[in-house]
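**Student:** Sharing a structure with you now.
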Amino acid sequence: DQQVKQNSPSLSVQEGRISILNCDYTNSMFDYFLWYKKYPAEGPTFLISISSIKDKNEDGRFTVFLNKSAKHLSLHIVPSQPGDSAVYFCAASGEYGNKLVFGAGTILRVKS
Amino acid sequence: NAGVTQTPKFRVLKTGQSMTLLCAQDMNHEYMYWYRQDPGMGLRLIHYSVGEGTTAKGEVPDGYNVSRLKKQNFLLGLESAAPSQTSVYFCASSYPQGGFQETQYFGPGTRLLVL
């Protein structure tokens, strides 16, 4: 049973528009959430994170929103750029120091 | 700094063969991890280590063994490879930050094909 779900396998967005990637989780013990970005033939790279004590965290063009009551988080990319085309993984953790649980990933394609 | 490196990048094995995947990090990180990535499954934790000489099982440990003899290295072994172990393997490392969740840094991956 997947504890972290990314229900959209892929998303296609026009350059300059907003990209919204969604993630749902089932484990109420999760208290820290991360987004990773992965290009083909490379390892995932950390993008942005949020602690459960917050509902929003912003870093440049990237904003993560957390809705704890709905057990839902989303990643907003504004404006989207062709270089943002990659696989985005949502991950969650409920214990200090280890054991990230990953979603299956969403492929984002930004068209120019 | 090279960050996290993995050796080899690609390998083909026959069923029943053994091999060792090497992960090395030069960031002085305490924690190291091995994941596998399969289509539609995301990354799943195989084994991890919270320090030199320690290892622990993750979500999918069966068929794998690990060793952390040196702080900078984390080895993943397959004693008798099976086709179900065909996957992309990622190593990661992180540094505990006193009560706050730390970021994991990933290597480029090893693509393994078991025939």
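**Student:** Using alpha-carbon pairs under 8 Å, 6+ residues apart, how would you state the relative contact order of chain B in percent? Write out the running numbers ahead of the final one.
**Tutor:** On the way: 299 pairs, mean separation 40.2, N = 115.
It rounds to 35 percent for chain B.
**Student:** For chain A: lysine pairs with Cα atoms under 30 Å, gap of 8 or more or different chains, count?
**Tutor:** Taking chain A as the scope, the lysine pair count is 29.
**Student:** With +1 on each Lys and Arg Cβ and -1 on each Asp and Glu Cβ, how big is the dipole of the protein assembly as shown about its Cα centre, in debye rounded to the nearest 20? Please report the intermediate quantities before stating the final value.
**Tutor:** On the way: 22 positive and 18 negative charges, 91 e Å.
About 440 debye.
**Student:** Please give the peptides A:65-73, A:25-33 ranked by average Cβ packing (other Cβ atoms within 10 Å per residue), highest first, as a rough proxy for protection.
**Tutor:** Numbers: A:65-73: 14.6, A:25-33: 16.6.
Highest to lowest by the protection proxy: A:25-33, A:65-73.
**Student:** Counting only other chains, and only Cβ atoms inside 10 Å, what mean value do you get across the residues of A:43-52? Don't skip to the end; give the middle numbers.
**Tutor:** Details: counts 16, 10, 3, 5, 1, 0, 4, 0, 2, 0.
The shielding value for this peptide is 4.
**Student:** Please work out the average accessible area per residue across chain B, using the 1.4 Å probe convention, and give it in Å².
**Tutor:** Numbers: 5470 Å² over 115 residues.
Heavy-atom accessible area per residue stands at 48 Å².
**Student:** For chain B, what does the alpha-carbon gyration tensor say about shape, rounded, prolate or oblate, given a ≥ b ≥ c as the root eigenvalues, a/c under 1.5 as rounded, and a/b over b/c as prolate?
**Tutor:** Numbers: a/c = 1.77, a/b = 1.71, b/c = 1.04.
Prolate, since a/c reaches 1.5 and a/b exceeds b/c.
**Student:** I would also like to ask the following. For the pair A and B, how large is the buried accessible area, both sides, in square angstrom to the nearest 100, if the probe is 1.4 Å?
**Tutor:** Working: alone 6320 and 6340 Å², together 10890 Å².
Result for this pair: about 1800 Å² buried.
**Student:** Another one. Suppose every Lys and Arg Cβ carries +1 and every Asp and Glu Cβ carries -1, with no other charges. What dipole size does chain B come out with about its Cα centre, to the nearest 20 debye? Could you put the intermediate results ahead of the total?
**Tutor:** On the way: 10 positive and 8 negative charges, 66 e Å.
So the magnitude is around 320 debye.
**Student:** Then there's this: Can you pull out the cysteines in the protein assembly as shown that have no other Cys Cβ under 4.7 Å?
**Tutor:** When partners are defined as cysteine Cβ atoms under 4.7 Å apart, the protein assembly as shown leaves no cysteine without one.
**Student:** Heavy-atom accessible area per residue, the range A:1-57, 1.4 Å probe: how many Å²? Don't skip to the answer; put the middle values down first.
**Tutor:** Details: 3180 Å² over 57 residues.
It amounts to 56 Å² per residue over the range A:1-57.
**Student:** Roughly how crowded by other chains is peptide B:79-92, in terms of the mean Cβ count from those chains within 10 Å of each of its Cβ atoms? Each step should come with its number before you reach the end.
**Tutor:** Numbers: counts 0, 0, 0, 0, 0, 0, 0, 0, 0, 2, 0, 4, 1, 3.
Mean inter-chain Cβ contacts per residue within 10 Å come to 1.
**Student:** Listed highest first by mean packing, meaning other Cβ atoms within 10 Å per residue, what order do A:51-64, B:67-80 come in? Spell out each step's value before the answer.
**Tutor:** Numbers: A:51-64: 13.5, B:67-80: 16.4.
Answer by packing, highest mean first, reads B:67-80, A:51-64.
**Student:** Which of B:Gly42, B:Gly63, B:Gly53 ends up with the largest GNM mean-square fluctuation for chain B, with Cα atoms connected below 10 Å?
**Tutor:** Highest fluctuation among the options: B:Gly42.
**Student:** When Cβ neighbours within 10 Å are restricted to other protein chains, what is their mean count per residue of peptide B:104-111?
**Tutor:** Numbers: counts 9, 4, 7, 3, 3, 5, 0, 1.
The mean count of partner-chain Cβ atoms within 10 Å per residue comes to 4.
The values are calculated or read from the model by the stated rules, or taken from the named source; none is laboratory data. Everything numeric in this text was worked out from a predicted model, so none of it was measured. With ideal geometry, Cβ positions are generated from the backbone for all residues, glycine too; neighbour counts draw on all protein chains shown. Areas reflect the complete protein model, heavy atoms only, side chains present, ligands, DNA and RNA absent. Shrake-Rupley method; radii C 1.70, N 1.55, O 1.52, S 1.80 Å.
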